[in-house]
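Working notes, structure below.
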Amino acid sequence: MAPNQSPAETFADLKTLIVDYAKQETIDPLRNLGRDLGFGIGGALLLGLGVMLLGLALLRGLQHAEVSWMTGNLSFLPYVFTILGLGVVIALLVSRISRGAR
């Protein structure tokens, strides 16, 4: 700002300064938020897919295991063990998310 400016020029400079500052403090953070949100959604989808495939692999592994006591009336046990295993995985993920929020 030059000392010989008229009040109209000073007002125009002040207006430009305020508009530029408002853009810097609102538009740039929103752009960064969109990028972070995209990475978060992508990561959540990939993590969900991974947990689902892990559960399917555990179920198929237990179903094909050569264990004689999991046949007949106890053929539901691989499903129970898979649900319990996925429950442990979900509990670990939730504990990690909760720890990050503190």
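The values are calculated or read from the model by the stated rules, or taken from the named source; none is laboratory data. Please read these numbers as outputs of a predicted model, since none were measured by experiment. For neighbour counting, all protein chains shown are included, and Cβ atoms are generated from backbone atoms with ideal geometry for every residue, glycine included. Only protein heavy atoms, including side chains, enter the accessible area calculation; ligands, DNA and RNA are left aside. Shrake-Rupley method; radii C 1.70, N 1.55, O 1.52, S 1.80 Å.
Structural remarks
- Size of electric dipole in the chain: Cβ of Lys, Arg +1 and of Asp, Glu -1, about Cα centre, debye, nearest 20: 400 debye
- Order of exposure, largest accessible area first, which applies to 66, 9 with probe 1.4 Å: 66, 9
- Accessible area of residue 35 in the full protein assembly, 1.4 Å probe (Å², nearest 10): 130 Å²
- Residue with peak Gaussian network fluctuation, the chain [Cα springs, cutoff 10 Å], from 18, 27, 41: 18
- Per residue accessible area of the chain, 1.4 Å probe, in Å²: 83 Å²
- The residues packed around residue 21, meaning those with a beta-carbon under 12 Å from its beta-carbon, carry a net charge of -1 if Lys and Arg are +1 and Asp and Glu are -1.
- Percent accessible area from carbon and sulfur atoms, the chain, protein chains only, probe 1.4 Å: 70 percent
- Two-site FRET efficiency, residue 45 against residue 4, from Cβ-Cβ distance with R₀ of 41 Å, rounded to 0.05: 0.10
- Folded to 0 to 90 degrees: helix 7-63 orientation relative to the chain principal axis, Cα: 10 degrees
- Degrees separating the helix 77-101 axis from the principal Cα axis of the chain, which is the longest one: 20 degrees
- Across 14, 37, 62, mean-square fluctuation computed from a Gaussian network of the chain (C-alpha pairs under 10 Å connected) peaks at 14.
- Highest-fluctuation residue, 76, 39, 11 considered, GNM on the chain with Cα pairs under 10 Å: 11
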